[in-house]
Amino acid sequence: MPPLEPGDYYFNEQGLMVFTAKYHLKRGYCCKSGCKHCPYGFRKNQESKPKP
């Protein structure tokens, strides 16, 4: 993982670290965890069932 720099993350109201799209792009891949700022378009609640 690349080292953290200013602008790569912030802390939300609950005090949790949230990675920004900038950091995800710098990392270079999608972890498929449903990250809030995923620049790769992955959403954890997406249906994986094929459409009829």
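Rule-based calculations on the coordinates, nothing more; no lab input. Keep in mind it's a predicted model, so treat the numbers as computed, not measured. Quick reminder, even Gly has a Cβ in these numbers, built from the backbone with ideal geometry, and neighbours come from all protein chains shown.
Side notes on the structure shown:
- Note on the chain: Lys pairs 8 or more places apart or on different chains, Cα atoms under 23 Å apart, count 10.
- Taking a sphere under 14 Å around the Cβ of P2 and counting the other residues whose Cβ falls inside, with K and R at +1 and D and E at -1, yields a net charge of +1.
- Stretching K32 away from N12 to a fully extended chain increases their span by 5.1 nm, per 0.36 nm per residue minus the current alpha-carbon distance.
- Distances between every pair of Cα atoms in the chain, grouped in 10 Å steps from 0 to the bin holding the largest one, split as 23, 46, 22, 8, 1 percent.
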